Every structure is written in structure tokens, then in C-alpha cells.
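One structure is given below, encoded as C-alpha cells.
What follows draws every value from the coordinates through simple rules; no lab data is involved. Owing to the predicted nature of the structure, the values given are computational and were not obtained by experimental measurement. Reconstructed Cβ throughout: ideal geometry from the backbone, glycine too, with neighbour counts over all protein chains shown.
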Amino acid sequence: MKVHYDLKQLPPFKNAVITTGAFDGVHTGHLQIIKRIKEIAQQVAGESVIITFHPHPRKIISSIPGEIKQLTCLDERIQLLEKANIDHLVVVNFDYLFSNLTAEEYVLDFLVAHFHPHTIIVGYDHHFGKGRMGNFELLESLGKTHHFNVKEINEQLVNGEIISSTLIRNYLLEQNSIKANQLLGYPYFFDGFIVRGNQIGRTIGYPTANLHILNEEKLIPANGVYAVRVHGNCFGEKVYDGMMNIGIRPTVDGQKKVIEVHIFNFDADIYENTITVSVYEFIRGEEKFSGLDALKNQLHIDKQTAMTILLQYP
């Protein structure tokens, strides 16, 4: 996959079959669109082209941009899209000027002028341009006069629910990582930089890696205890099972929200390393215990639960 960041430096695509979108999460619904792009590109001896936007459009057009949390940052999206084996990814700077293109300007001055598409693929209920005034019918009409085809992908359903990035975000914020992962097609993940905590966990036999999230736009799941796996350069090629707590740690009078991971069968100094945490299942909500002994007993139960859960995911 070739990644392009400059519209002025794009190569001349051959029979470009294109789609556009934020592709936040690159979830199973997105993969159905990508599959169709690749099929049509093969049929017309063309190239598959995905156009994505950075920053996320909602961050620019929202009245409260700081509230926009993403499933995937740009680098993560690029990695996930590369696994989908498309030919080209074009990253477009989404700014206030771009957001004010009318629907017709978006099609003619952006899509047609830069990509000369053979076919444009859109998801169901796709809208574009200032005020989201553009739709499938406008694309079809412009396609007839500017010589490109338009195809629409029906909504993708799982258990009767339409797959969307918003739905996945909501599940993660509702402690329902199982459903979120089902719609994503992979365990939700995030990166954290390991910092020194107060090391109370070590005194009761459960040392933890305390994580600082470097990307403030990354969505963090709801408070609670989770079964997780971790990997990173500090572990070499190995992936470790573990359990994670997100919350204020009320038993030790915590005053601020922390993210801490107890890594099973691992005890080495990995401070100041970045690790990736993959979230598999929610175990329980955060509780206040009568003391450290009661907390230790519960952590033993949590560990057994996490180990049982993770056995289901080879």
C-alpha cells in the first residue's frame, strides 16, 4: 500500500476505484466497503484508492472539538488499512476551508480533479459537502456528466445492529468490550507509556505497569477491570496475558484516574517503555474494599477470571 499526503503529488491512478471517509476503527463495516473496492478494481484492471481525512472531520466541525475521542489515531488507521491490502491510501488535511466545500465542489474540484475516478463506492446513507447536502443521488447525477460510476454498499448488520464507529465507541464506554470487539473484528487496543506509580500493588504481590496515554484523542474504555494482552518492544516477540484496572483506586484513596496493568508471569523493569494493550473482556466494575487484604483476595479472583477468559482467545 502506498500512502500519499500531498494532493499535488498524486500519481496518475489507473481506473481508480475510490471511497472516502474517516475510517475510524477500520471496523468490519469498513472492511465490506474495502472488499467491494478491491473486487471492482480487479474487474476493471484498476487501482483501489481509499481517501481518509486527518484530523477527524468531527474535530473541525464540532462546536466542542475536545470531546471527540477516536478509536484509532492516524498511524493505527494506516496500519489497519495496510492489512486490508489496498493499493493507495490518500490522507487529506481536513481543515475549515475543506469543510466549507459545497457538495458539488467536493465532487468536481476534489474527487474528479484529483482522482479521475472510474468508480466511487459509498456506504449507505452517505452525505458529504458543507452541511452534508451531498448524497448518492447527486453523485449519480454528476457521474453521468463527468463519466464515473457510483455504487452504494448496503448497511452492514451484526445481530440486527448497524455497524458504526459511534456504536463501537458507545459499547466501550458502557463496559461492553465483547460487543465492541465483535464489531471491530479485533480486540480494541491503545498504547501507553509506562511511568512510576506509588507501587502499592507490588506490596501485595500484584505489581502493575502504570500507563500514561500519549494520544489525548484516543478513546479509553470505561472504568473497571479487564482481561487484556500486552506487547511491545520491551517484551521482544512475546505477547503477555494480564489484567487491567481503569479508575481512581478507591481502596487506596486514589484521587485521580489511572490505568494500570498487572502482567502475568512477568517481573522486569520496563519503565519508560511504550506498550500496546489489547482489551478482551470486562470483568467487573471498580469497587472499594475494606483494606489491602480484601483487595488482594479480589485481585486473586480477578486473575483467575482473566486467565479463564483469555484461554478462549488463542
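Below are the figures for this structure:
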item	result
The chain: angle of helix 292-310 to the longest principal axis, Cα-based, in degrees nearest 10	40 degrees
Neighbour net charge for Leu101 - beta-carbon separation under 15 angstrom, K R +1, D E -1	-2
C-alpha long axis of helix 74-83 to longest principal axis of the chain, angle in °	70 degrees
Gaussian network model of the chain, Cα within-10 Å springs - most flexible of Leu74, Leu299, Leu97	Leu97
Qualifying GluC sites (Glu not before Pro) in the stretch 128-237, DSSP loop, other Cβ atoms within 10 Å at most 14	Glu155, Glu174, Glu216, Glu237
Structure-derived Rg and Dmax of the Cα atoms in Å: which label, when the choices are (1) 22.8, 98; (2) 22.5, 74; (3) 18.9, 56	(2)
Fraction of beta bridges assigned by DSSP in the chain that are antiparallel (%, nearest 5)	60 percent
Crossing angle, helix 28-43 versus the chain [Cα axis fit, 0-90 degrees, rounded to tens]	40 degrees
Filter on Lys179/Lys238; Lys35/Lys83; Lys130/Lys179; Lys14/Lys35; Lys218/Lys257 - keep pairs with C-alpha separation over 23 Å	Lys179/Lys238; Lys130/Lys179
Net charge, Ile61 excluded, C-beta distance under 11 Å - Lys, Arg +1, Asp, Glu -1	+3
Total formal charge among the other residues, if their Cβ is under 15 angstrom from that of Phe190, Lys/Arg +1 and Asp/Glu -1	-1
DSSP-defined beta bridges in the stretch 1-159 - what % are antiparallel, rounded to 5	5 percent
